[in-house]
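Written below as structure tokens is the structure these notes are about.
Readers should treat all values here as calculations from the given coordinates under stated rules, not as data from a laboratory. Values in this document were obtained by computation on a predicted structure and should not be read as measured data. Methodologically, a virtual Cβ is constructed for each residue, glycine included, from the backbone with ideal geometry; neighbour enumeration extends over all protein chains shown.
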Amino acid sequence: MAKDPVCWMEVNEKEAGSKYVYKGKTFYFCTPRCKETFSTSPEKYLTKLEGDALVERKVVIVGTGGVGATFAFNLMISGLANSIVLIDLAREVAEGHVMDLQHGLSFLPPSQIYVGDFSDCRDADIVVITAGAHMKPGESRIDLVRKNVAIFKELIPQIVQYNPRILLIVSNPVDILTCVTQKLSGYPMNRVIGSGTVLDTSRFKYLLAQKCGVDPRNVHGYIIGEHGDSEVPVWSEVNIGGVPIDDFLDHNARESQSVKEQIFNQVKNAAYEIINRKGGTNFAVSLAIMQIVTSILRDENRILTVSTLLHDYYAIHDVCMSIPTILNRNGISRTIKIKLDESERAKLSSSAKVLEDVFKSLDFD
Ligand SMILES: NC(=O)c1ccc[n+]([C@@H]2O[C@H](COP(=O)([O-])OP(=O)(O)OC[C@H]3O[C@@H](n4cnc5c(N)ncnc54)[C@H](O)[C@@H]3O)[C@@H](O)[C@H]2O)c1
């Protein structure tokens, strides 16, 4: 027996009133009317079958270095995608990761994991791009811009010729590469997302939680702007379980300021500190990517600080950077205008200027 994806009736395949092939899968309907309804908007009805085996979820990972491979492992364990495709210029490395991952599948719900090529992006829900150079000790994210823009100029056209639904950019400098991808792909802005400051916000919450002696999940706050040296902590909105941070800390103003500076510096310099010790970051960033991918695949409407093209956000135009954004099956649903005090607004505007200047130097229209 199959399930009609529109009315959810059980349908005997042999007696079905109608059938329809979508993304290589045959769906059966109790009436032609159900089929007609389904064919106008199949994704809508597949979403309704959340958790049902009928939902095909395919994620392609381009770039299987430290970040891409760790994300592939997290995604496999989550059981969220039934097809995971790995692509890397160094094909043998991708093959090695695939074999290693496949050997764990007997412990997990079934999924397909394989090495692919760009044609595998054809019916992908999300293509996660982690390809390119990474920061070496002493380098900033912006220092990577020339190398990685050159890689993206080759990569993006090869991916978008197969029209995958959503592109998620992780490679650095992530805000610039999100903008570059937007231009190269011609996709509408909801379908191009940068991982932005989702990781920085998580670092911020963790460090604040340590200071306050609470679970990081009860810390509410955001790091916005560039994923990089000009990023901005929104202290005016930080609260611990609903209590404003200054009240929770209960310090005098000078002590409070010093705690805040210390925490923010640790957040801003976290990648440098880790890279100096182990050459790269991979664990927390892949969990950050998981949050974004989960919210899209499960249509969760979660609010995350991803990088997106801003229009008239506190007078910022045409710059990709991070602000709290609702993510669902369509990618970016909408951005949220949070309250910023005067100094936060000024810092956000300086952060936008940094990115604008870098982007202008690249000679894109
Ligand atoms: N946005 C974030 O929060 C965040 C966090 C950590 C790392 N990063 C960035 O992610 C990127 C990857 O980091 P990493 O540590 O995994 O680097 P890595 O050097 O370990 O891996 C990069 C991979 O990309 C592959 N690659 C290069 N050019 C390619 C191409 N044209 N097509 C396909 N594959 C290609 C390489 O073969 C390599 O396997 C870097 O740019 C890094 O700065 C971003």
Going by how many other beta carbons lie within 10 Å of each one, how would you line up 193, 263, fewest first? 263, 193
Within the under-11-Å Cβ sphere about residue 222, not counting residue 222, Lys/Arg +1 and Asp/Glu -1 give a net charge of -3
Enter the angle in degrees (range 0 to 90, nearest 10) between the Cα long axis of helix 198-212 and the first principal axis of the Cα atoms of the chain, meaning the one along which they spread out most. 50 degrees
Contour minus Cα-Cα distance for residue 312 and residue 342 (0.36 nm per residue): 9.1 nm
Relative contact order for the chain: what percent, with Cα pairs under 8 Å and sequence separation of 6 or more? 14 percent
Honestly the chain on the Cα gyration tensor test (a ≥ b ≥ c root eigenvalues; a/c under 1.5 rounded, otherwise a/b vs b/c for prolate or oblate) is just prolate
Determine ³J(HN,Hα), in whole Hz, for all residues of the range 315-330 in sequence, where each value follows from phi through the Karplus function 6.51 cos²θ - 1.76 cosθ + 1.60 and θ = phi - 60°; x replaces Gly and Pro. 6, 9, 10, 6, 10, 8, 7, 9, 9, x, 9, 8, 10, 9, 4, 8
So for the chain: antiparallel DSSP bridges make up what percent, rounded to the nearest 5? 55 percent
Only helices counted: for the chain, with every DSSP H run of 4 or more residues adding -39500 (n - 2.57) and the sum spread over all residues, [θ] at 222 nm is -13000 deg cm²/dmol
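Given 0.36 nm per residue, what is the gain on full extension from residue 302 to residue 229 after removing their alpha carbon distance, in nm? Walk me through the numbers on the way to the answer.
Working: separation 73, 0.36 × 73 = 26.28 nm, distance 2.59 nm.
Once the chain is fully extended between residue 302 and residue 229, it gains 23.7 nm.
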Likely footprinting exposure, 351, 333, 361, fewest C-beta neighbours within 10 Å first: 361, 333, 351
Sites removed, the longest contiguous part of the chain containing no DSSP-loop trypsin sites (Lys or Arg not before Pro) with at most 13 other Cβ within 10 Å is 123-336
Projecting each Cα onto the charge dipole of the chain (Lys/Arg +1, Asp/Glu -1 at the beta carbon, about the Cα centre), which of 194, 111, 332 comes out farthest on the positive side? 111
Can you tell me the orientation of helix 174-185 relative to the chain, as the angle in degrees between its alpha-carbon axis and the longest Cα principal axis, to the nearest 10? 40 degrees
Helix axis angle, 253-278 relative to the chain longest principal axis, alpha carbon, degrees: 60 degrees
Using the count of nearby Cβ atoms within 10 Å as a rough guide to exposure, how do 212, 320 rank from fewest to most? 212, 320
